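The values are calculated or read from the model by the stated rules, or taken from the named source; none is laboratory data. None of these values were measured; they are calculated from a predicted model. Cβ placement follows ideal geometry from the backbone for every residue including glycine, while neighbour counts extend to all protein chains displayed.
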Amino acid sequence: MFEHHMRLTGEQQAVLDGGKGETLSKVMETLIRYGELFGAEKMVPVTSEYNHLVTSFGLKAMGAVYELMDTLIGAGALSGQKFSVDPKPLDPNVPANFIQNIVFNHFMYTEQERYEAQLRNLGLLSDSAFTCTCYMDAVGNIPKKGDVLSWSESSAVVYANSVLGARCNRNSGIIDLMGSIVGYVPYFGLLTDEGRKADWIVEVKTTKKPEAQLLGSAIGMKVMEDVPYIRGLDTWLGKELDDEACTYLKDFGAATASNGAVGLYHVAGLTPEAAEQGESLVKPDAKVYVIDDAELKRVYDNYPIIWKDKSAKPKLCFMGCPHMSLQQLKDWTDKIEKGLEENGHEKVLVPTVFTAAPAVLKRFEGTPYCQRLKNTGVILSYICPLMYMNNPLSGKMPVITSSNKLRTYTSARYYTDDEILAQLTKGGR
Amino acid sequence: MKTFKGRMIVPGTVTAEAVVSHGGLNTLASFQKALQFGDKKATCGDQNNPDLYGKQMAGKALCLPQTIGSTTGGLVIYCACSLKRQPACMLFSKPIDSLAGAGVILADVWLDDVKMPVVDSLGEEFLEYVKDGMQVSVAENGEVTVA
């Protein structure tokens, strides 16, 4: 038995001592050792209704993960909560050539069916619960303010902490599930009041509303894992967490979390804790980062472009990493229709895939926008663009996106929303 | 030659050649291609990491401030260990982050026969001093000697 210094309840100690079997004992040991790395002195109950897991893909190379899942299932160590999970890596609607299909189905995602069966055994919410934006109304995995979570998925964690006011560390895959299995998570970091204080003040001094994905990238790369308190953004987003503001913060947060390691940000006058506690959230020795138009341009100009032919014509455009909101789908329908009309085209000039949660797509299909968007040639999908791109064949394709997360993890080239619109409706930037 | 003292997270001793990332190591971006396509050297695939991009990570003393990026990070480390494509050791100048912490603990608890000593909190001077190709030795007490 390993030595630990945590104050455990009788129930937690009994699990650790093997009272519920060796596997659950090892799960508890994992969580205790993980928590002690960060000074956790106790475990606290998970209070959210649902969990959210990051691992949605049955990659052959991840065999050790699926073996571990089999061990958990075999021991009856199932999730105490139902959970949503990140998007699926495959969707026949998304364009792929013959060789890509062979690689996807016969070399990469050969464990997909096995893994999805494991997820169902462990506590998957439903067969349509595959999305990185589980907090959308249509999906319904929306934690309450103050809820303690055992979530993973960097973009979902940063959204839950910042926009919803829930409390969650940037848990890794597997750790997310283990918290749900024992019903407790170690108390440290973003679960604590002190851990939610801001290490940075970010002053937004741009002359127009900054691109969410670009601003998030700049802040993520600067503050890394720290908590930023952002002044000046309410000028552009207003004082209400309405659909538009939440959508902006979804994309902004995903960029802070993937280009850096941000798990929580506060927006002065807007996000719940900033609205309640104001600048008392800022640590006395906080550093300052000023973002103006020139700084955003510097960040944009420094993105590496790893296409072999930097002037290649794009072969695919992915929008929706993280998955798009219903409002984004509607807004982009209007923008694309208008752009095509102005430029005398009927269909988008680059094969384009918009991705969203299955439940959001279902709602969108119930609106007149859906057929209008399909008429422009845009393909709708529930896929994870990142998983599609993660192979040498897709990596060689000139793919464009306005997702800074997709840019970070793949060879996709980042453009602003306006530039993407021009590429799709006019050709060229 | 210089010795640095850190916190031993996963005990063990090893001597290996250093590869150094001065920025945060994006675990998913760095390892994903290597794990998927059988690259036993675990060549770093992160285009945004000019220090490491294209360099071998497996069997090296991986020196870094922290890891960043996707919350798959921990299970990526876990899988790298299970496939024996992990670094010889991971040496963090800062306190370890939650994703790397999860990965190395998962590997230590759930995988048999994996040796990857991990030391954190080695200080900024460590990362300034150590360079690619230097010999790095990890002692059982968390001392890291760079020569």
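Of note:
- Residue within segment A:191-204 that is within 20 Å of the chain's Cα centre (by Cα), over 30 Å from A:T71 (Cα atoms) and modelled with pLDDT of 95 or more present: yes
- Number of residues in segment A:216-245 that are without any contact (Cβ under 8 Å) to a residue 40 or more places away in the chain, within 19 Å of A:L281 (Cα to Cα) and in a helix (DSSP H, G or I) equals 1.
- Checked against the criterion of being of a type in the set (D, E), out of contact with any strand residue (DSSP E or B) (no Cβ under 8 Å at 6 or more places or on another chain) and either touching a residue at least 24 places away in the same chain (Cβ under 8 Å) or more than 30 Å from A:G377 (Cβ to Cβ) (or both), the candidates A:D70, A:D86 yield just one match: A:D70.
- Within segment B:45-72, tally of residues that are of a type outside the set (K, R) and over 12 Å from the mean Cα position of the chain (by Cα): 14
- Filter result for B:G45 (on the phi > 0 side of the Ramachandran plot and either in a loop (DSSP other than H, G, I, E, B) or surrounded by fewer than 20 Cβ atoms within 10 Å (Cβ to Cβ) (or both)): no
- Residue in segment A:106-116 that is in a loop (DSSP other than H, G, I, E, B) and in contact with a strand residue (DSSP E or B) (Cβ under 7 Å, 6 or more places away or on another chain) present: no
- Candidates B:V104, B:V76, B:V130 - the one that is within 14 Å of chain A (Cβ to nearest Cβ), β-branched (V, I, T) and within 29 Å of B:M1 (Cβ to Cβ): B:V104
- Cβ pairs under 6 Å, 6+ apart, first in segment A:143-171 and more than 9 Å from every other protein chain (Cβ to nearest Cβ), second of a type in the set (V, I, T) and outside any loop (DSSP other than H, G, I, E, B): A:V148/A:V44; A:S150/A:V185; A:R167/A:V148; A:C168/A:V157
- For A:T367, the test of being β-branched (V, I, T) and within 30 Å of A:A218 (Cα to Cα) is failed.
- Taken over segment A:47-68, the criterion of being surrounded by fewer than 21 Cβ atoms within 10 Å (Cβ to Cβ) and more than 9 Å from every other protein chain (Cβ to nearest Cβ) is satisfied by A:T47, A:E49, A:Y66.
- The residue of segment B:7-42 that is surrounded by the most Cβ atoms within 10 Å (Cβ to Cβ), among those that are more than 9 Å from chain A (Cβ to nearest Cβ), assigned to a loop (DSSP other than H, G, I, E, B) and on the phi < 0 side of the Ramachandran plot, is B:S21.
- Members of segment B:73-103 that are under 15 Å from B:D120 (Cα atoms) and small (G, A, S): B:A88, B:S93, B:S98, B:A100, B:G101, B:A102, B:G103
- Options B:K94, B:K115: the member that is part of a loop (DSSP other than H, G, I, E, B) and either without any contact (Cβ under 8 Å) to a residue 40 or more places away in the chain or crowded, with 17+ Cβ neighbours inside 10 Å (or both): B:K94
- Test result for A:A77, of a type in the set (G, A, S) and in the same structural domain as A:F104 (by TED's automatic domain parsing): yes
- Residue among A:T355, A:T333 that alone is in contact with a Pro (Cβ under 7 Å, 6 or more places away or on another chain) and either part of a loop (DSSP other than H, G, I, E, B) or not charged (D, E, K, R) (or both): A:T355
A quick yes/no check of all residues on (1) part of a helix (DSSP H, G or I); (2) hydroxyl-bearing (S, T, Y); (3) within 23 Å of A:D147 (Cβ to Cβ):
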{"residue": "A:E203", "(1), (2), (3)": "no, no, no"}
{"residue": "A:K208", "(1), (2), (3)": "no, no, no"}
{"residue": "A:L214", "(1), (2), (3)": "yes, no, no"}
{"residue": "A:T247", "(1), (2), (3)": "yes, yes, yes"}
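- Selected residue (criterion: farthest from A:I174 (Cα to Cα)) from residues of segment A:30-45 that are in contact with a His (Cβ under 8 Å, 6 or more places away or on another chain) and in a helix (DSSP H, G or I): A:E36
- Given (1) within 12 Å of chain B (Cβ to nearest Cβ); (2) farther than 19 Å from A:K313 by Cα, index of the condition A:G395 fails: (2)
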